[in-house]
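Undergrad: Right, I'll just put the structure down here and ask away after.
The values are calculated or read from the model by the stated rules, or taken from the named source; none is laboratory data. Values in this document were obtained by computation on a predicted structure and should not be read as measured data. Every residue, glycine among them, receives a Cβ derived from its backbone with ideal geometry; neighbour counts consider all protein chains shown. Protein only, heavy atoms only, side chains kept; ligands, DNA and RNA dropped before computing areas. Shrake-Rupley method; radii C 1.70, N 1.55, O 1.52, S 1.80 Å.
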2 protein chains.
Amino acid sequence: MLIEIRVDLKEEIEDPQGKVVEKALRNLGFPVKSVRFSKLIKIELDVKDEKEAIETGKQMCKVLLANPVIEKYTVKVIP
Amino acid sequence: MLIEIRVDLKEEIEDPQGKVVEKALRNLGFPVKSVRFSKLIKIELDVKDEKEAIETGKQMCKVLLANPVIEKYTVKVIP
């Protein structure tokens with residue numbers, strides 16, 4: 001079963017990578033106001049159903065994939 | 001106007017970051033078969049309509065945000 005985990009920085013947290021890219025794009029002449037990066041992690045799991053897939057995804061975020069102090073995450077099953 | 005650009009590695013390209021995380025998750029006991037990372041870039045643009053937003057997004061991918069040799073990208077307008 002395939003899941004997709006999206007990890008976003010919390011809104012109040014600065015995104016240094018985004019700031020650098022924002023400046024670079026502006027210097028290239030693009031009409032950019034802000035840039036924020038997120039991670040998308042596609043994981044193939046050996047589980048029996050969607051419920052277990054979502055639960056496993058959340059557990060992996062807690063243990064390894066996301067930093068709860070500065071990030072939030074969503075887990076969804078994809079086709 | 002807000003756009004979201006998704007940059008994925010082409011399927012035939014190895015994802016070293018994914019491989020490392022895959023091993024780490026397996027060592028932690030998770031039933032993981034594969035892990036692939038993608039980038040999601042949220043950009044606020046000063047443009048007049050959706051068509052211009054999409055065109056600008058594609059242009060930014062070509063010039064800076066994606067490496068066409070190993071990556072593919074999609075651009076969409078978000079609310």
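Undergrad: Taking the condition of being under 22 Å from A:Asp8 (Cα atoms), open to solvent by 40 Å² or more (accessible area, probe 1.4 Å) and not acidic (Asp, Glu), how many residues in the stretch B:30-53 meet it?
TA: Total satisfying the criteria: 3.
Listed here are the residues, each with its yes/no results for (1) in contact with a helix residue (DSSP H, G or I) (Cβ under 6 Å, 6 or more places away or on another chain); (2) touching a residue at least 12 places away in the same chain (Cβ under 8 Å); (3) over 21 Å from A:Lys19 (Cβ atoms).
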{"site": "B:Arg6", "(1), (2), (3)": "no, yes, no"}
{"site": "B:Glu12", "(1), (2), (3)": "no, no, yes"}
{"site": "B:Val20", "(1), (2), (3)": "no, no, yes"}
{"site": "B:Lys42", "(1), (2), (3)": "no, yes, no"}
{"site": "B:Lys51", "(1), (2), (3)": "no, no, yes"}
{"site": "B:Glu71", "(1), (2), (3)": "no, yes, yes"}
{"site": "B:Lys76", "(1), (2), (3)": "no, yes, yes"}
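Undergrad: May I pose another question? Can you pull out every residue in the stretch A:49-75 that is under 12 Å from the mean Cα position of the chain (by Cα) and either of a type in the set (Lys, Arg) or over 16 Å from A:Arg6 (Cβ atoms) (or both)?
TA: Result: A:Lys72, single match.
Undergrad: Can you spot a residue in the stretch A:58-65 that is open to solvent by 90 Å² or more (accessible area, probe 1.4 Å) and either modelled with pLDDT of 95 or more or of a type outside the set (Val, Ile, Thr) (or both)?
TA: yes
Undergrad: How many residues does the stretch B:30-60 contain that are touching a strand residue (DSSP E or B) at 6+ places or on another chain (Cβ under 7 Å) and more than 11 Å from chain A (Cβ to nearest Cβ)?
TA: The qualifying residues number 3.
Undergrad: Next question. For the stretch A:2-29, what are the residues that are open to solvent by 30 Å² or more (accessible area, probe 1.4 Å) and either at positive phi or within 8 Å of another protein chain (Cβ to nearest Cβ) (or both)?
TA: Answer for the stretch A:2-29, where residues must be open to solvent by 30 Å² or more (accessible area, probe 1.4 Å) and either at positive phi or within 8 Å of another protein chain (Cβ to nearest Cβ) (or both): A:Arg6, A:Ala24, A:Leu28, A:Gly29.
Quick grid of which residues meet (1) closer than 21 Å to A:Val77 by Cα; (2) out of contact with any Ser or Thr (no Cβ under 7 Å at 6 or more places or on another chain); (3) among the acidic types (Asp, Glu):
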| residue | (1), (2), (3) |
| --- | --- |
| A:Ile3 | yes, yes, no |
| A:Val7 | yes, no, no |
| A:Lys10 | no, yes, no |
| A:Glu14 | no, yes, yes |
| A:Val21 | no, yes, no |
| A:Ala24 | no, yes, no |
| A:Asn27 | no, yes, no |
| A:Val32 | no, yes, no |
| A:Arg36 | no, yes, no |
